[in-house]
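This report concerns only the one structure given below.
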Amino acid sequence: QHASAVVLLRGTPRLEDFESAAAADRDVILLRAKVELRENATYTAAYPAHFGARMSVELENGEVVTHDVPDALGDPENPLPQEAVCRKAQMLLASSGYSTEAAEELVSAALALSSGGTVDALAARIA
């Protein structure tokens, strides 16, 4: 319920959206209380080959908007674009204490591996 409320309110969630301060956010609390989870037989039957979900939102005017995602973003069947992988890596590195510049350098060193970069150069950025 929390993740659904965050996505509906803010779009793509950030790590901060799952910290205690965000969990106490009044808007998130109010929307989270309205979120109802139900099993969807179609997606249950497709699991574990596919890890999808359906979200239906009833608007104030009574209209119901439904969105199906047969494969979760980031799964092999629905991979993240490289830009999104880089943003996520930088966000995770920043949350573990790397400066923005150091995180960018580490991601660049990792990407360089496919075009002749060395593991030593990557390891130097990790240390």
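The values are calculated or read from the model by the stated rules, or taken from the named source; none is laboratory data. Values in this document were obtained by computation on a predicted structure and should not be read as measured data. When we count neighbours, we look across all protein chains shown, and the Cβ atoms used for this are built from the backbone with ideal geometry, even at glycine. When the accessible area is computed, the model is the full protein with side chains, heavy atoms only, and any ligands, DNA or RNA have been set aside. Shrake-Rupley method; radii C 1.70, N 1.55, O 1.52, S 1.80 Å.
Free of any trypsin sites (Lys or Arg not before Pro) that DSSP assigns to a loop and that have at most 16 other C-beta atoms within 10 Å, the longest stretch within the chain is 39-127.
What segment 47-127 shows is 73 Å² of accessible area per residue, with the surface traced by a 1.4 Å probe over protein heavy atoms. Using DSSP loop states and a limit of at most 16 other Cβ atoms within 10 Å to flag GluC sites (Glu not before Pro), what is the longest stretch of the chain containing no flagged site? Answer - 78-127.
When only Cα pairs below 8 angstrom with a gap of at least 6 residues are kept, the chain shows a relative contact order of 12 percent.
Rounded to the nearest 0.05, what FRET efficiency do residue 23 and residue 127 have when you use their Cβ-Cβ distance and R0 = 35 Å? The formula returns an efficiency of 0.50 here. What is the log10 of I(q)/I(0) for segment 46-103, computed with the Debye formula using one identical point scatterer on each Cα and no solvent, at q = 0.12, 0.13, 0.14, 0.25 Å⁻¹? So the normalised log intensities are -0.52, -0.58, -0.63, -0.92.
Per the Debye formula with a single identical scatterer at each Cα and no solvent contribution, what log10 I(q)/I(0) holds for segment 1-67 at q = 0.23 Å⁻¹? With no solvent term, the Cα-only Debye profile gives -1.05. Given the chain reduced to its alpha-carbon atoms as identical point scatterers, what log10 I(q)/I(0) does the Debye formula return at q = 0.10, 0.12, 0.15, 0.20 Å⁻¹? Normalising to I(0) and taking log10 leaves -0.49, -0.67, -0.92, -1.18. The slack between residue 8 and residue 77, meaning 0.36 nm per residue of separation minus the straight C-alpha distance, is 22.4 nm.
Given the DSSP H assignment, sum -39500 (n - 2.57) over each helix run of at least 4 residues in the chain and divide by its residue total; what's the result at 222 nm in deg cm²/dmol, nearest 500? Mind showing how you got there, number by number?
Numbers: 7 runs with 61 residues, N = 127.
Computed ellipticity for the chain at 222 nm equals -13500 deg cm²/dmol.
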